[in-house]
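Heads up, the thing below is written out as structure tokens.
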Amino acid sequence: MLGQYLPLLALFGLAALFAAGSFVASGLLAPRRPTVPKLDPYECGIVPARETPERFPVRFFLVAMIFIVFDVEIVLFYPYAVARGGLGLFGLVALLVFTFAVFESFVYLIGAGALEWGPRPSAEASPPSASDGGTMVSADRTARTTVRRVGLEGRPGSAA
């Protein structure tokens, strides 16, 4: 009886041995010469000069959940497509009910503003129009005054 599980136990044992061996080898063989660039966090090649001003908005996580739900739905379409003939009308109805539930949640999230990323427009802050005598662009706005150079801190020749 135990003989049929012996290959599985051997595989788990080899996996545990490999994981432990990897940790030991990494601890023994890894170079230990930390420098400032090696200890800095890497994110898109830009060294952060300050902490982020705010946390991720909830909308970001809602979009991530939408993505996961649609991935699950697509994964469930494949078995239905393979076994479509054997499932018959029951399989089609079950698939349609599941698809309706997914799209209903998607419509709800769109209505709740999960996909609106910009700042929320306010009624009193409307942009000036040409008929009001206002201009959209002022003469003192140039690329040098409005574009913030990121990632140049500490580099030679940077004015940051």
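Of all the residues that make up the stretch 66-99, how many are closer than 26 Å to ALA114 by Cα and either without any contact (Cβ under 8 Å) to a residue 40 or more places away in the chain or over 33 Å from the mean Cα position of the chain (by Cα) (or both)?
The initial filter retains those residues of the stretch 66-99 that are closer than 26 Å to ALA114 by Cα, namely 66-77, 95-99.
Subsequent filtering for residues that are either without any contact (Cβ under 8 Å) to a residue 40 or more places away in the chain or over 33 Å from the mean Cα position of the chain (by Cα) (or both) retains 67-77, 95-99.
Number satisfying all stated conditions: 16.
The rows are residues; the columns are (1) more than 30 Å from VAL36 (Cα to Cα); (2) charged (D, E, K, R); (3) open to solvent by 60 Å² or more (accessible area, probe 1.4 Å); (4) modelled with pLDDT under 80.
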| site | (1), (2), (3), (4) |
| --- | --- |
| PRO48 | no, no, yes, yes |
| LEU96 | yes, no, yes, no |
| SER126 | yes, no, yes, yes |
| SER131 | yes, no, yes, yes |
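Identify, from the list GLY151, GLY157, the residue that is at pLDDT below 80, open to solvent by 80 Å² or more (accessible area, probe 1.4 Å) and closer than 30 Å to VAL36 by Cα.
GLY157
Across the stretch 73-91, what is the total count of residues that are open to solvent by 70 Å² or more (accessible area, probe 1.4 Å) and not charged (D, E, K, R)?
11
The values are calculated or read from the model by the stated rules, or taken from the named source; none is laboratory data. Note that the structure is predicted; figures quoted are calculated from it, not measured. Here Cβ is always computed from backbone atoms with ideal geometry, including for glycine, and neighbour counts include all displayed protein chains. Accessible surface areas use protein heavy atoms only, side chains included; no ligands, DNA or RNA. Shrake-Rupley method; radii C 1.70, N 1.55, O 1.52, S 1.80 Å.
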